[in-house]
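Trainee: The structure is given below, and queries will be raised subsequently.
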Amino acid sequence: MKKSGNFTIFLDRDGVINEDSPNYIKCVDEFCLIDGSAKAIALLNQNGFDVIIITNQSAIGRAMVTYEELYKIFAKMKKEVKDAGGFIKDIFFCPHLPEDCCSCRKPLPGLILKAVQKYGIDLNRSCMVGDSKKDIECSHNAGCRYSVLVRTGNGLGVEATKLNPSPDFVADNLMEAARWLVSFFGVIKALY
């Protein structure tokens, strides 16, 4: 498959795009965007980035949410992003429990590798943005060139630990991450 010429930003969902909950996001009414996250995705799109969601959704495996309800949550997220002028190219999710030992649950790279296979993504032109150690490790395990940790969701607590591998940038929120990515990749794009 021919590799895509676009730069790809992989985004975690809970704690990065929307408010997270220790009780999981189980229905559309519990889904609430973090201020500025939809506009951040629009900013990325406007600067030539493809945005793909990479998310663990073990609430499915725990029988706390149905696939039907999860797809309704995704539809709400996509609509709110579209209303802000942005576009989510695709969503890849793992429905499994940690003890299921699947290859798609972050920090394993299965979800990113599925996206690479489907879209011909060049991982040297990619970045994973997340709020957890799992996200940063997943980025590294998949071979993404860059990773960004946001302080929303679990990020503030994660930042206080010694991450190995460490992210390339730490941002207060997705908007700050998007602005950094636009600036940083603008320099990289000039080299191509």
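The values are calculated or read from the model by the stated rules, or taken from the named source; none is laboratory data. Since the structure is predicted, the reported quantities are computational estimates derived from the model, not experimental observations. With ideal geometry, Cβ positions are generated from the backbone for all residues, glycine too; neighbour counts draw on all protein chains shown.
Trainee: If I filter region 109-149 down to residues being free of Cβ contacts under 8 Å to residues at least 60 places away in the same chain, touching a Gly at 6+ places or on another chain (Cβ under 8 Å) and assigned to a helix (DSSP H, G or I), which single residue comes out as surrounded by the fewest Cβ atoms within 10 Å (Cβ to Cβ)?
Mentor: 123
Trainee: OK, next. When only residues in region 82-103 that are among the hydrophobic types (A, V, I, L, M, F, W, C) and assigned to a loop (DSSP other than H, G, I, E, B) count, which is farthest from residue 45 (Cα to Cα)? Talk me through it step by step, then tell me what you get.
Mentor: As a first pass, look at region 82-103 and keep what is among the hydrophobic types (A, V, I, L, M, F, W, C): 84, 87-88, 91-94, 97, 101-102.
Remaining after also requiring assigned to a loop (DSSP other than H, G, I, E, B): 84, 87-88, 97, 101-102.
Numbers: 84: 11, 87: 7, 88: 9, 97: 32, 101: 34, 102: 31 Å.
Here the answer is 101.
Trainee: Assess whether residue 73 counts as being buried (at least 19 other Cβ atoms within 10 Å of the Cβ), in contact (Cβ under 8 Å) with a residue 40 or more places away in the chain and under 25 Å from residue 140 (Cβ atoms).
Mentor: On the way: buried (at least 19 other Cβ atoms within 10 Å of the Cβ): yes; in contact (Cβ under 8 Å) with a residue 40 or more places away in the chain: yes; under 25 Å from residue 140 (Cβ atoms): no.
Considered against the rule, which asks whether it is buried (at least 19 other Cβ atoms within 10 Å of the Cβ), in contact (Cβ under 8 Å) with a residue 40 or more places away in the chain and under 25 Å from residue 140 (Cβ atoms), residue 73 comes out as no.
Trainee: Related question: Condition first: assigned to a loop (DSSP other than H, G, I, E, B) and more than 15 Å from the chain's Cα centre (by Cα). Now tell me which residues in region 37-58 satisfy that.
Mentor: Across region 37-58, the qualifying residues are 47, 48, 58.
Trainee: Also, I was wondering about something else. Residue pairs, Cβ under 9 Å, 6 or more apart or interchain, first in region 37-51 and touching a residue at least 60 places away in the same chain (Cβ under 8 Å), second charged (D, E, K, R) and in a loop (DSSP other than H, G, I, E, B). List them.
Mentor: 50/89
Trainee: I'd like to know if region 15-27 contains one or more residues that are in contact (Cβ under 8 Å) with a residue 24 or more places away in the chain, within 20 Å of residue 108 (Cβ to Cβ) and touching a strand residue (DSSP E or B) at 6+ places or on another chain (Cβ under 6 Å).
Mentor: Scanning region 15-27 turns up at least one residue that is in contact (Cβ under 8 Å) with a residue 24 or more places away in the chain, within 20 Å of residue 108 (Cβ to Cβ) and touching a strand residue (DSSP E or B) at 6+ places or on another chain (Cβ under 6 Å).
Trainee: Name the pairs whose Cβ atoms lie under 8 Å apart, with the first residue in region 156-169 and over 11 Å from residue 146 (Cα atoms), the second part of a loop (DSSP other than H, G, I, E, B) and among the polar types (S, T, N, Q), and 6 or more positions between them or separate chains?
Mentor: Qualifying pairs under 8 Å: 158/132.
Trainee: Against the definition (touching a helix residue (DSSP H, G or I) at 6+ places or on another chain (Cβ under 9 Å), part of a loop (DSSP other than H, G, I, E, B) and either at pLDDT below 95 or surrounded by 17 or more Cβ atoms within 10 Å (Cβ to Cβ) (or both)), how does residue 2 come out, yes or no?
Mentor: Taking the combined requirement at face value, the residue does not satisfy it.
Trainee: Sticking with this structure for a sec: Would it be correct to say that residue 90 is among the acidic types (Asp, Glu), modelled with pLDDT of 95 or more and surrounded by 16 or more Cβ atoms within 10 Å (Cβ to Cβ)?
Mentor: Against the criterion (among the acidic types (Asp, Glu), modelled with pLDDT of 95 or more and surrounded by 16 or more Cβ atoms within 10 Å (Cβ to Cβ)), residue 90 does not qualify.
Trainee: Pick out the one residue from 100, 135, 83 that is charged (D, E, K, R) and within 14 Å of the chain's Cα centre (by Cα).
Mentor: Details: 100 fails: within 14 Å of the chain's Cα centre (by Cα); 83 fails: within 14 Å of the chain's Cα centre (by Cα).
Going through 100, 135, 83 in turn, just one is charged (D, E, K, R) and within 14 Å of the chain's Cα centre (by Cα): 135.
Trainee: Now for a separate question. In the list 161, 152, which residue meets the criterion of being out of contact with any Phe, Trp or Tyr (no Cβ under 7 Å at 6 or more places or on another chain), outside any helix (DSSP H, G or I) and at pLDDT 95 or above?
Mentor: On the way: 161 fails: at pLDDT 95 or above.
Answer to the check: 152.
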